[in-house]
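All of the numbers you see were taken from the coordinates with simple rules; none came from a lab. Since this is a predicted model, take the numbers as computed values, not measurements. For neighbour counting, all protein chains shown are included, and Cβ atoms are generated from backbone atoms with ideal geometry for every residue, glycine included.
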Amino acid sequence: MLFLVDGYNVTCRDPATSELALLDQREALAARLRVRGRDLLGEGRVVVVFDGAGGPGLSTGGDVPVEIVYAHQHSADDEIVRIASRSKGPVVVVSSDRAVAARARERATVEVEVRESSTLFEAARGKPRKRSRGSIARDAGLPRGANAITRELKDLWLTDEDEDA
């Protein structure tokens, strides 16, 4: 599944990001999708399209890699329609802009589902996922067994009085 996200359509409507500077809006949406993308959208490739200049990129660091695309020569709407029309599999367009949704459906040769921007709002509730034990430590870059090392160091260096303080 390909998820095409109309970037500013989402961030400018979301009460949590609408008052932020554009750069901060972009970063907040990318971060949210990296961490909660599967919960909010489902399994698949996530491409966020923004108006304006910038370089295409990949936002990583969470559970979901997020591809960032900037529409240099035309609008983000045109870029979303272009990408949807070239897709070989099902597409989900996340936008409250009915015109871009209609154009994507019209031009695509595959099934195009449309979801409202509010699907990705900060307050949106996805299905909670259980984290595997120790994944917080892995996410922070700690090696396997780091907790055991910490306990061993505490035993070596701290007295009972230090631990109580």
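With Rg and the Kirkwood Rh both taken from Cα atoms, where does Rg over Rh land for region 2-129?
Ratio value, two decimals: 0.93.
With a Förster radius of 22 Å, plug the Cβ-Cβ distance of residue 118 and residue 78 into 1/(1 + (r/R0)^6) and report the FRET value to the nearest 0.05. Don't jump to the answer; show the numbers that get you there.
Working: r = 23 Å, r/R0 = 1.06.
Taking R0 as 22 Å, the efficiency between residue 118 and residue 78 is 0.40.
Read phi for every residue in region 40-46 and hand back ³J(HN,Hα) as whole Hz from Karplus 6.51 cos²θ - 1.76 cosθ + 1.60, θ = phi - 60°, with x for Gly and Pro.
7, 10, x, 7, x, 7, 10
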